[in-house]
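Colleague: Quick one: the structure is below, questions incoming.
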Amino acid sequence: MLALPSTKQPLVYQNPLSKLVASLPYVEEDVFKGAPFLREEVQRLVNQEMAQMEKSDYLESLPFPECNILNQHPVPTDVIKSDYYRSDNIKISDEKNVEEIRRASNDVHIGLEYNNIKQMNLELQQKFGPSAWKEYISALETEKKNLEAENSKIRFQSDEINATRKYVQLQAKEKLDTMTAKTNFLIQKNEIIEKECMNIEEELREKIRKRVKLT
C-alpha cells in the first residue's frame, strides 16, 4: 500500500470517506475494444458519482515535500528602497535645521553603503556566480533523478496492486459464475419438483373424487 515517507498510514486511509470504499473500480480494456460505447457509459457513471461528492482538497492535510534547495537559497523579503536614498531625491528645505541636515546626511551614507554593497555583490556574482549556478543546476538534476526514481517505484507498486486486484477479481468472478450456475440449476430442479408435486396432488384429488362417486 502506498504511503508518504513521513507517515506509516497509507494515503487511501487518510481520506475521511475511505471507510465507504469497499473496492476500487476496474474495467478491462478488452471490454472497451469489443463494445466502445461502454467507455462512454462508464465515464458517465464516474462523472455522475463525482458530481455528488463534496469537493475537498485531499492533499491539504499532507505535509509539503521537503526541498533543501529552496532552503539553501532563501528569497529576501526586506528589500531596500534604493530610489529613496538617491542623492537627487534628498532635499533640505531649511539649511539651518540641524536635524534635517543630519537626516539628509544619514540618507546619503545609507545610499552610498547600499551602492558599495551592491557593487561588492556584483563582483562576487561575477567571480563565483558561474560555479554557484553549476552546483545549483547539479543539485536540481540530482533531485530530479531522485524524484524520477521515486516515481518509477510508485508506478511499479501501483502496477503490482492493479495486477493483484485483477487476479483477485478474476478468482471472485469464477466463484460467482460457479455459484450462479449452481443456483440456476437448483432453481430449475425445484421448479421440476414443484410441478411433479402438483401433478401428484391432482392425481390424488382425482382418485378421491372417484371413490366418493363409487360410495
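Colleague: Looking only at the range 71-128, filter to residues that are part of a helix (DSSP H, G or I), basic (Lys, Arg) and farther than 30 Å from GLU143 by Cβ; which one of those is modelled with the highest pLDDT?
Modeller: LYS118
Colleague: Being free of Cβ contacts under 8 Å to residues at least 12 places away in the same chain, of a type in the set (Ser, Thr, Tyr), open to solvent by less than 80 Å² (accessible area, probe 1.4 Å) and out of contact with any Gly (no Cβ under 8 Å at 6 or more places or on another chain) is the requirement here; does THR142 meet it? I'd like the intermediate steps shown before the answer.
Modeller: On the way: free of Cβ contacts under 8 Å to residues at least 12 places away in the same chain: yes; of a type in the set (Ser, Thr, Tyr): yes; open to solvent by less than 80 Å² (accessible area, probe 1.4 Å): yes; out of contact with any Gly (no Cβ under 8 Å at 6 or more places or on another chain): yes.
Here the answer is yes, as THR142 does meet what is asked.
Colleague: What number goes with the only condition from (1) modelled with pLDDT of 75 or more; (2) open to solvent by less than 100 Å² (accessible area, probe 1.4 Å); (3) over 28 Å from the mean Cα position of the chain (by Cα) that VAL46 does not pass?
Modeller: (3)
The values are calculated or read from the model by the stated rules, or taken from the named source; none is laboratory data. Here the structure is a predicted model, which is why all the values come from computation and not from measurement. Using ideal geometry, Cβ is built from the backbone for each residue, glycine included, and neighbour counts are taken over all protein chains shown. What goes into the accessible areas is simple: the full protein's heavy atoms, side chains included, and nothing from ligands, DNA or RNA. Shrake-Rupley method; radii C 1.70, N 1.55, O 1.52, S 1.80 Å.
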